[in-house]
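A short worksheet on the structure shown next.
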Amino acid sequence: MGRKANADTIEVIQGLYLSRVGEVYRCYFRLGGKQFRRSTKTGDLGAAKLKALTWYHDAQGRLARGETVESVSFAKLNKVIPRSHQA
């Protein structure tokens, strides 16, 4: 079952989407049964597509090599970063 895209969603390649959120684009894709969402931090569509494709192909490569592919939440980072390294 595929993701239903709304009218503002741009399909970069099959399975890789961009949507405008405020002034910037966010990318979305699924790999290995996991969802990935990430801000491109740019409002330029060409630059956003390039960043999204780079992240997507990097994640595909990691998955193919058997490496861990997961998005990391701030809550997870907070657990693994020692208090002495936090501001």
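Identify all residues within segment 26-76 that are at pLDDT 90 or above, more than 17 Å from THR9 (Cα to Cα) and touching an Asp or Glu at 6+ places or on another chain (Cβ under 9 Å); write none if there are none. GLY61, the sole residue that qualifies. For segment 46-57, enumerate the residues that are over 22 Å from THR68 (Cα atoms) and touching a strand residue (DSSP E or B) at 6+ places or on another chain (Cβ under 7 Å). Hits for segment 46-57 are ALA48, LYS49.
The values are calculated or read from the model by the stated rules, or taken from the named source; none is laboratory data. As the structure is a prediction and not an experimental result, all values here were calculated from the model. Cβ coordinates were reconstructed from backbone atoms using ideal geometry, including for glycine residues, and neighbour counts include every protein chain displayed.
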